[in-house]
1. So is residue 25 at positive phi and in contact with a helix residue (DSSP H, G or I) (Cβ under 9 Å, 6 or more places away or on another chain) or not?
2. In segment 103-207, which helices (runs of 4 or more DSSP H) lie fully inside it and hold 1 or more residues that are at pLDDT 95 or above, buried (at least 17 other Cβ atoms within 10 Å of the Cβ) and away from the ligand (no atom under 12 Å from the Cβ)?
3. Looking only at segment 30-40, decide whether some residue is within 23 Å of the chain's Cα centre (by Cα), within 12 Å of the ligand (Cβ to nearest atom), buried (at least 20 other Cβ atoms within 10 Å of the Cβ) and in a helix (DSSP H, G or I).
4. Pairs under 9 Å by beta carbon, first residue touching a residue at least 60 places away in the same chain (Cβ under 8 Å) in segment 7-23, partner more than 8 Å from the ligand (Cβ to nearest atom) and among the basic types (Lys, Arg), six or more apart or different chains?
5. Taking the condition of being outside any helix (DSSP H, G or I) and out of contact with any Gly (no Cβ under 8 Å at 6 or more places or on another chain), how many residues in segment 11-29 meet it?
6. Looking at segment 322-334, which of the residues that are in contact (Cβ under 8 Å) with a residue 12 or more places away in the chain and not in a helix (DSSP H, G or I) is surrounded by the fewest Cβ atoms within 10 Å (Cβ to Cβ)?
7. For the list (1) within 14 Å of the ligand (Cβ to nearest atom); (2) of a type outside the set (Phe, Trp, Tyr); (3) more than 19 Å from residue 292 (Cβ to Cβ); (4) not in a helix (DSSP H, G or I), I need the number of the one condition that residue 72 fails.
8. For the subset of segment 291-301 comprising residues that are closer than 21 Å to residue 178 by Cβ and of a type outside the set (Val, Ile, Thr), which member is surrounded by the fewest Cβ atoms within 10 Å (Cβ to Cβ)?
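The values are calculated or read from the model by the stated rules, or taken from the named source; none is laboratory data. These numbers come from a predicted model, not from an experiment. Ideal geometry is used to build each Cβ from the backbone, glycine not excepted, and the neighbour counts take in all protein chains shown.
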Amino acid sequence: MRWGLIGASTIAREWVAPAIVANDGELVGVYSSYPARGRAYAEQVGIERAVETLSELFDLGLDAVYISTTNELHREQLEEAVARGLHVFCEKPLATSLADADCMIRAAQRADVVMATNHHLRHAGSHRRMRDEVAAGTLGKLITARVFHAVYLPEHLQGWRLNNPGAGAGVVLDITVHNADTLAFLLGEYPTHVMAQTQNAGMGQGVEDGCMGIWRFASGVQAYTHEAFTMPHAHTGLELHGSLASLYADNVMTQQPVGTVSRHVLGERSVLTCESNNLYERGVAAFVAAIRGGPAVECDGIAGYRSMAVAVATLESARTGCEVAVDYGPYRPD
Ligand code: NDP
């Protein structure tokens with residue numbers, strides 16, 4: 001497949017471009033709004049051409065594009081790409097408003113192309129093993145989930161995420177969306193209501209850099225989630241607690257295929273075997289398979305919309321101090 005990159009971003013360089021190559025994709029061109037930087041980036045990443053406009057990129061004869069610019073640009077760039085019949089692998093959050101995310105989904109549907117959202121965590125061996133345990137009923141009746149996703153934003157990423165609300169800055173649009181997608185993947189349901197408090201611990205410039213949320217699900221499950229940019233020493237993790245057993249997953253809210261999952265039953269601990277695969281390669285593989293007529297991508301535009309809806313409700317709850325019913329708009333989960 002011939003791929004174009006829209007955005008000379010860190011995530012493309014570190015993870016997604018190599019994942020495309022690992023899936024036998026050809027990196028044909030990269031669009032950057034800074035021509036000199038785009039050329040240097042193309043050379044560094046191994047991309048054939050750097051171009052200065054989207055139409056130049058589309059003229060390279062592509063099958064798909066990967067959009068990883070800052071979030072306020074995703075909508076227009078996706079609309080232009082799908083209008084050219086290109087399949088789109090798009091970064092999260094899909095956009096900076098649910099209205100824009102809705103337009104993106106509709107544009108991809110109208111163009112009859114595949115649209116995927118890059119929520120990488122559902123492709124981790126650890127999360128897939130936990131999902132299998134839940135589906136097999138080994139935890140009994142699920143009662144509670146706890147998500148620990150407080151990290152330290154690396155210095156080289158301490159830019160627009162901290163100081164540009166127009167680009168979707170703040171930890172909620174950046175990380176809460178991942179927690180929403182991961183819990184939906186594990187539990188098979190999205191929260192109906194959220195309550196949240198945000199924090200500014202000195203890193204965010206006019207935006208939140210920490211958040212704690214409590215989510216209610218229709219099944220009765222209650223979840224606690226903690227997202228932050230400010231915590232250099234904290235472990236990430238995820239716990240699921242059921243009537244028959246608990247699962248403790250340590251160091252699993254990350255880009256690396258690492259971490260451990262253990263089952264606890266009345267003080268007895270057993271470590272579960274998990275596949276250790278590259279998360280991004282698996283996400284790209286699912287996208288490519290769907291384009292080639294395989295199963296539809298599970299993490300599609302609608303999944304991206306729903307994870308954003310949880311983030312939007314989280315911000316609303318933090319602003320008002322009230323519990324907020326998540327508004328999934330036209331994409332209400334069953
Ligand atoms: P970056 O800040 O690295 O890149 C975003 C844009 O900023 C680029 O498109 C580029 O513009 C510009 N830019 C990048 N580096 C420089 C620089 N040194 N000087 C000037 N401009 C620069 O963002 P991320 O890679 O962190 O995030 C991009 C998108 O990916 C976001 O939507 C984010 O939410 C998402 N993301 C997803 C992850 C996941 O695991 N799913 C993980 C990390 C990010 P131009 O293209 O015009 O050159």
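1. Answer is no for this residue.
2. Here the list reads 125-136, 177-187.
3. Start the filter on segment 30-40 by keeping residues that are within 23 Å of the chain's Cα centre (by Cα), which leaves 30-32.
Filter again for within 12 Å of the ligand (Cβ to nearest atom), leaving 30-32.
The next check asks that each one be buried (at least 20 other Cβ atoms within 10 Å of the Cβ); those that pass are 30-32.
This time we only want the ones that are in a helix (DSSP H, G or I), so: none.
No, segment 30-40 contains no residue that is within 23 Å of the chain's Cα centre (by Cα), within 12 Å of the ligand (Cβ to nearest atom), buried (at least 20 other Cβ atoms within 10 Å of the Cβ) and in a helix (DSSP H, G or I).
4. Final answer for the pair search is 19/282.
5. Within segment 11-29, the subset outside any helix (DSSP H, G or I) is 23-29.
Narrowing further to those that are out of contact with any Gly (no Cβ under 8 Å at 6 or more places or on another chain): 23-26.
Matching residues across segment 11-29 total 4.
6. 322
7. (4)
8. Restricting to residues being closer than 21 Å to residue 178 by Cβ and of a type outside the set (Val, Ile, Thr), the top hit is 298.
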